[in-house]
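Participant: Sharing a structure, written as structure tokens. Questions coming.
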Amino acid sequence: MKTSDSLGDKPILIKDYKKVKELLKKNSQVTYVDAFSHQLKELFFIRNHKFIGEDKKKVYKDKAFLDFVKENMNNFIHIYYPWNYTLIKSVKKNDYLTLKTNRNRDLITEEEQKKLSNFKIGVFGMSVGSNIAFVLTQAGISNSITIADFDNLDTTNLNRILAGVHQIGLNKTVIASRRIYEDNPFAEVTLMKKGVNAKNLELLLKNKKLNCIVEEIDDFPVKIEVRRLALKYKIPVLMITDNGDGVVLHIERYDLGYNKIFNKDISYWNNIMKNKLTREEAGGLIVNDIVGGVDKVDPNMIKSVKKVINKELVSWSQLGSAAILGGVIVTYAVKEILKNNKKLYITKHYTLSV
């Protein structure tokens, strides 16, 4: 019996119909879905505006529609998702992306959408980060995305990670990649299942595989190292920190000449990182250097930090609503960065949920 982990983390694109028949014949578990016939109807209205608002039953009998179907009837591909045994007949990549981003217009222009799609983002840490990665790709941002996390899913993660009990024990990057691919089978997701470190991150940056980093890692020394390298290669870094029902957004525009880490000189962090941090020291850094002081922290979060330090709680308190809000806010920030909004040349921006 195959385990969840052995079922792959990316779909299989099948162009040869013989292979489709072989797959269906070999595996009785496979569910076949014809999305293509429905997609052609959607594409027709997008490309033939004069029919918008007309009675669809009449439109589907119109010669213009019948000719459109005939012209495009072979423009399809089959997509197989091995982890849920689903085989889908779908339009090809360009048409799929046209459909997927159609409702973005005119909130995002066609030129902006192209830039956003080509913007290569790395999301490190798949707790809050899994929500961020999904919201980004759902908006048509970063068709080529890199995700990193060494950890596997626990049941206690399910209050903030969009996953299910059937995925317990599965690597978080695999869970995130499957969700991304189910949203966009033509995405390019690079998985770093052992997490990010100085060596593999520098290799990515040196080879220009990333235009932006979203850092959501628990390990404080790694947080600092990510920023050292981002500064070296002039890559912007964004980070969301949970704060009860709200979040704190950090934007460090190393691409625009910013040269500090969490608004402190590098020497400050060099001194702190000389010794291994205790839980109490890490909690103090989060409250004071990241969130901006006790007065800006949700009172219940302060209680949570104290309980973690005293080993009364396993880990910091986090809410799924804040994690999803983080995805929304980072997605907005990325759009503004690509619009060349210089107002985002800041290090901290305090944001509350509504």
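Participant: List, in order, the whole-Hz ³J(HN,Hα) value for each residue of the stretch 207-218 obtained from phi through the Karplus relation with A = 6.51, B = -1.76, C = 1.60 and θ = phi - 60°; use x for Gly and Pro.
Facilitator: My calculation for the stretch 207-218 gives 8, 6, 8, 10, 9, 7, 10, 10, 9, 9, 9, 6 Hz in order.
Participant: Within a Cβ distance under 15 Å of ALA198, other residues only, what is the Lys/Arg minus Asp/Glu net charge?
Facilitator: Taking every other residue near ALA198 into account, the sum is +3.
Participant: Right, here's the next one. Does anyone have the angle between helix 320-338 and the longest principal axis of the chain? Alpha-carbon axes, 0 to 90°, nearest 10?
Facilitator: Relative to the chain, helix 320-338 is tipped by roughly 80 degrees.
Participant: Now for a separate question. Using the 10 angstrom Cβ neighbour count as an exposure proxy, how do MET73, MET192 rank, fewest first?
Facilitator: Listing MET73, MET192 from fewest to most nearby Cβ atoms yields MET73, MET192.
Participant: With each run of n ≥ 4 DSSP H residues scored as -39500 (n - 2.57), what mean residue ellipticity at 222 nm is computed for the chain after dividing by its residue count and rounding to the nearest 500 deg cm²/dmol?
Facilitator: Helix contribution divided over all residues of the chain: -12000 deg cm²/dmol.
Participant: Need one word for the stretch 248-332: rounded, prolate or oblate. Basis is the Cα gyration tensor (sqrt eigenvalues a ≥ b ≥ c); a/c below 1.5 gives rounded, then a/b vs b/c decides.
Facilitator: It comes out oblate by the Cα gyration axes.
Participant: Give a residue-ordered list of calculated ³J(HN,Hα) values for the stretch 134-139 (Karplus: 6.51 cos²θ - 1.76 cosθ + 1.60, θ = phi - 60°; whole Hz; x for Gly, Pro).
Facilitator: Working through the residues one at a time gives 6, 5, 4, 6, 5, 7 Hz.
Participant: Here is a further query. Tally the DSSP beta bridges in the chain and give the antiparallel ones as a percent, rounded to 5.
Facilitator: Counting only bridges with both partners in the chain, antiparallel ones make up about 50 percent.
Participant: Next question, about the same structure. Measure up LYS25/LYS63; LYS199/LYS296; LYS120/LYS194; LYS172/LYS199; LYS120/LYS199; LYS15/LYS199 against 31 Å on the Cα-Cα distance and list the ones that go over.
Facilitator: Correct reply: LYS25/LYS63; LYS199/LYS296; LYS15/LYS199.
Participant: Choose one of GLY129, VAL308, ASN263: the residue whose Cα lies farthest towards the positive end of the charge dipole of the chain (beta-carbon charges +1 Lys, Arg; -1 Asp, Glu; about the Cα centre).
Facilitator: GLY129
Participant: Could you sort 243-249, 277-283, 258-264, 171-177 so that the peptide with the highest average Cβ count within 10 Å comes first and the rest follow in order?
Facilitator: In descending order of packing, they fall as 171-177, 243-249, 258-264, 277-283.
Participant: Also, quick follow-up: Relative to the longest principal axis of the C-alpha atoms of the chain, give the angle of the C-alpha long axis of helix 172-183, reported between 0 and 90° and rounded to the nearest 10°.
Facilitator: 30 degrees
Participant: To continue, here is another question. Just grab the label-to-label distance for ASN27 and LYS41, each label 7 Å out from Cα along the Cβ direction, in nm (one decimal).
Facilitator: 2.9 nm
Participant: Here's something else I'd like to know. Which net charge results for the neighbourhood of SER321, defined as the other residues with beta-carbon distances under 15 angstrom from its beta-carbon, given Lys and Arg at +1 and Asp and Glu at -1?
Facilitator: -2
Participant: Find out how many positive minus negative residues lie around VAL308, taking Lys and Arg as positive, Asp and Glu as negative, among other residues whose Cβ is under 11 Å from that of VAL308.
Facilitator: +3
No value in this document is a laboratory result; all are computed from the given coordinates. A quick note: this is a predicted structure, and the numbers were derived from the prediction, not measured. Cβ: placed from backbone, ideal geometry, glycine included. Neighbour counts: every protein chain shown.
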